[in-house]
Amino acid sequence: MSSLPAGWYKDPADTSTQRYWDGEGWLGQAIPADAVAPDGPPVEAEPPTAAPPVAAPQPQPFAPPTPHPGWAPPGAQPPAGWQQPPPGWQQPHPGWQQPPHQGTQPPAGWQQPHPGWQQPPPQGTQPPAPGWHQHPQDWYQPPPTAQPPHAYLYPTPEARPHGLALAGLGQRLAARLIDIAVVLVLNVVINGWFVYQWWQDFYPMYSHYLDQVMAGTEPDMLQPTPRMQSLQMTIILIATLLWLLYEAPAIAGRGQTLGKMLMGIKVVDLDNIKPIGFRRAFGRWAQLGAWTLLWWCLVGFVVQLLDSLSPTFDPRLRQAWHDKVARTVVVAVPPGTQPTVKAAPRGDNPGGRE
């Protein structure tokens, strides 16, 4: 799959700012969109060390409570004189003391317990710390939440290779039409004599064909002469070479033909901002221009048409098929605009070959 190289891009959450995309997600704080981005990723302070997870309290071994005075094991016989408690009787709360019988004096120092009084803890136990609460029986310590390395991973940011916006489809179409017009003018100047010689052989045959049609007779099939076939191949070959000599050297050096220069767009390397060189420029042109040699059977024209429409198949980087072959991308370069940051090395570039 194709993705973006690391670099500064417009933040989809706030298009008035830009943030650094490291190939997997966002890093650092956002800066204004019109500010000059620093070279490379933003310098961030070391993230705070995560606190060690709190260990869950271990269950203590069960210790049977110390039986209070008068306790009897289950199944024992009630003492003599014991009676069944009446209906509605409730167990007294801890710390309750039997009031003295009417007419008898309470023991020395006896006081009525105040409301909310609780039985003191057994002797030898430590009181719990202030604010301590017993956890429920099924409570467990939740695992620490892992902090994601980025604020968010989606949505996918708007592609800005080397800090430049992608060229619009309308700009690319207008630049291509201008280049076609320039190559056509070159063909009129250089290839015009061969076209004229071909027409000298074709016109008599065509006139005879029209005369037969007007007379109502069955016309003869138009069969090109050997000289016409040779001229036709020469014309196509010269037209292909003129296109190659016009486009490949211009893209190899400055990344712009005349049409791209007039429309303010440029072909740049996907990995860095250096010129792509003639070898890659030739490979980029050949993916589109070499099919001119098959115009005679219309196959070349159909392939070139599909290649010209292929940027619409890639909404992410708007790469045509010939851009994918050469690992290039077409960006908009208004006057005075320069790339601000370099992309990631080839091995770390998620927008590379699939």
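At a glance:
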{"item": "Residue within segment 262-271 that is within 28 Å of Leu294 (Cα to Cα), of a type in the set (A, V, I, L, M, F, W, C) and out of contact with any strand residue (DSSP E or B) (no Cβ under 9 Å at 6 or more places or on another chain) present", "result": "no"}
{"item": "Residue pairs meeting the criteria (Cβ under 7 Å; at least 6 apart or on separate chains; first under 19 Å from Ala252 (Cβ atoms), in segment 286-300; second part of a helix (DSSP H, G or I) and aromatic (Phe, Trp, Tyr))", "result": "Gln287/Trp321; Gly289/Trp243"}
{"item": "Some residue of segment 192-215 being in a loop (DSSP other than H, G, I, E, B) and not assigned by TED's automatic domain parsing to the domain that holds Asp307", "result": "no"}
{"item": "Conditions (1) part of a helix (DSSP H, G or I); (2) buried (at least 17 other Cβ atoms within 10 Å of the Cβ); number of the one not met by Leu241", "result": "(2)"}
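The values are calculated or read from the model by the stated rules, or taken from the named source; none is laboratory data. Bear in mind the structure is a predicted one, so any value in this text is a computation, not a measurement. Here the Cβ is made from the backbone with ideal geometry for all residues, glycine too, and neighbour counts use every protein chain on show.
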